[in-house]
Amino acid sequence: MNINVVGAKNVLKFAKSCKKVKMLLHVSTAYVCGKSTGILSEKSFVMGETLNKNSYLDMDKERSVIAIKFKELRAKNATAKELTIAMKELGLQRARLHGWQNTYSFTKAMGEMVLGHLKENLQIVIIRPTIITSTYKEPFPGWIEGVKTVDSFLLAYGKGALKFYYGDPYSKLDVIPGDMVVNTILAAVIAHENQYSQEVVIYHSSSSLNNPLKISDLMLYAFHYFTKNPWANKDGKTIKVKAPMRPFSSMASYRKHISTHYLPLLKMLKFVNQVSCHCCFEKTDILMKKKIYKAIRLTELYEPYVFFYGSFDEVNTEKLRLAMKEINMDEMLNFDPRCIKWEDYFMNAQIPGAVKYLF
């Protein structure tokens, strides 16, 4: 709330105080659309709009709910960990109440609303990228900063720590290289420098419409890569992947797999700890519990992206590409995903880049 909503409001206030400001460009997320299907248009939000259409989104009320909950937890002398867990749960509850699937997309949508509502005569341009992955070309292929959504799964698979995943293998995984997002931003700045628009202008930075990628294809690329380039552990022992990650398309089947294959081992570790006065496998027991909790938590957080059946329209973005072509900037500022060969990109840029630059 503080970063995505209040932060956006503060930046807008600052921008409006600049005498020569021509526009404010804001980076949001394409997933402000929530769990939508079909062709998703580049449409801005109206203040108070919700995705479920059955409620009104009152910003002041949302901030009040947060303040009250935080005060209650402080009064109970909640630990930092308890505060974090409780506030995360509250965020999910409020997001789902209004039709969003997670706190991130919920607060990003509110940030967009605040900008549109308070902008007055300031020109607002919003870029909505999908899942940002490592660079396609610049500054060089495969560069990325920090472990991102896709990387965490691919690297865990390569290290032999993840052999299954929760998601529909035939749904679209909408990813876009980081340099293409940056190029979209720069192109929008150039296009709108001397072209005023009273309406908020939205640009999708995505691939699902013009160059769709299936999750099953990504898993196959990961299998091929780590078969040819196996991971070596700390002891120098080669870790061999024997098959692509196994998909589970329902939470029930996913939880059943975990309870069948991992919970019995936890029970055995617990028993050994008890009979040995907690001196043998207590650390292993704690570590495994954390891994299981993290696996389930990650599946809940990433569900909107691995069960996605929409395509992001790029009417405005296509016009932006044509505008760059007219001034011979289309090659320098390339943001057309149709040029990406996904197998080549993942095999020679994304996965090796994650392995090299992150570890």
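Results for (1) part of a helix (DSSP H, G or I); (2) more than 19 Å from the chain's Cα centre (by Cα); (3) closer than 19 Å to VAL27 by Cα, shown as yes or no for each residue.
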| residue | (1), (2), (3) |
| --- | --- |
| ALA78 | no, yes, no |
| LYS88 | yes, no, no |
| GLY111 | yes, no, yes |
| ILE126 | no, no, yes |
| VAL147 | no, no, no |
| LEU154 | yes, no, no |
Is one or more of the residues making up segment 17-35 touching a His at 6+ places or on another chain (Cβ under 8 Å), part of a helix (DSSP H, G or I), open to solvent by less than 60 Å² (accessible area, probe 1.4 Å) and not polar (S, T, N, Q)? yes
Could you run through segment 211-231 and say how many residues are open to solvent by 30 Å² or more (accessible area, probe 1.4 Å), under 27 Å from PRO129 (Cα atoms) and in contact with a strand residue (DSSP E or B) (Cβ under 8 Å, 6 or more places away or on another chain)? 3
Close pairs from segment 327-354: first without any contact (Cβ under 8 Å) to a residue 40 or more places away in the chain and within 15 Å of ASN210 (Cβ to Cβ), partner part of a helix (DSSP H, G or I) and open to solvent by 50 Å² or more (accessible area, probe 1.4 Å), Cβ under 7 Å, at least 6 apart: none
I'd like to check something: does segment 55-70 contain any residue that is more than 19 Å from TYR305 (Cβ to Cβ), assigned to a strand (DSSP E or B) and in contact with a His (Cβ under 7 Å, 6 or more places away or on another chain)? no
Considering only segment 201-223, I want to know if a residue exists there that is part of a loop (DSSP other than H, G, I, E, B), modelled with pLDDT under 95 and within 22 Å of GLU112 (Cα to Cα). no
From the set of residues in segment 36-51 that are of a type in the set (D, E, K, R) and surrounded by 15 or more Cβ atoms within 10 Å (Cβ to Cβ), which is nearest to GLU62 (Cα to Cα)? GLU49
Residue check for LYS270: among the charged types (D, E, K, R), at pLDDT 75 or above and more than 28 Å from the chain's Cα centre (by Cα): no
Out of (1) touching a Phe, Trp or Tyr at 6+ places or on another chain (Cβ under 7 Å); (2) under 22 Å from PRO304 (Cα atoms); (3) of a type outside the set (Phe, Trp, Tyr), the odd one out for THR103 is which? (1)
Going by the structure shown, is ALA8 at pLDDT 95 or above and more than 30 Å from THR84 (Cβ to Cβ)? no
Determine whether TYR345 is surrounded by 18 or more Cβ atoms within 10 Å (Cβ to Cβ), modelled with pLDDT under 95 and touching a strand residue (DSSP E or B) at 6+ places or on another chain (Cβ under 9 Å). no
Please state which of the following conditions SER208 fails to meet, knowing it meets all the rest: (1) open to solvent by 30 Å² or more (accessible area, probe 1.4 Å); (2) closer than 22 Å to PHE335 by Cα; (3) of a type in the set (Gly, Ala, Ser). (1)
Restrict the check to segment 238-250 and report whether at least one residue is open to solvent by less than 50 Å² (accessible area, probe 1.4 Å), of a type in the set (Ser, Thr, Tyr), farther than 22 Å from VAL27 by Cβ and in contact with a Gly (Cβ under 8 Å, 6 or more places away or on another chain). no
Filter result for LEU287 (modelled with pLDDT of 95 or more, hydrophobic (A, V, I, L, M, F, W, C) and either part of a helix (DSSP H, G or I) or open to solvent by 40 Å² or more (accessible area, probe 1.4 Å) (or both)): no
In segment 311-329, how many residues are exposed (fewer than 15 other Cβ atoms within 10 Å of the Cβ) and either polar (S, T, N, Q) or outside any helix (DSSP H, G or I) (or both)? 2
Unmet requirement for GLU82, which otherwise passes all of (1) over 30 Å from ASN194 (Cβ atoms); (2) within 23 Å of the chain's Cα centre (by Cα); (3) not in a loop (DSSP other than H, G, I, E, B): (2)
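The values are calculated or read from the model by the stated rules, or taken from the named source; none is laboratory data. Computed from a prediction, not measured in an experiment: that's the story for all the values here. All Cβ positions, glycine included, derive from the backbone under ideal geometry; neighbour counts span all protein chains shown. Heads up: the accessible areas ignore ligands, DNA and RNA and are worked out on the full protein's heavy atoms, side chains in. Shrake-Rupley method; radii C 1.70, N 1.55, O 1.52, S 1.80 Å.
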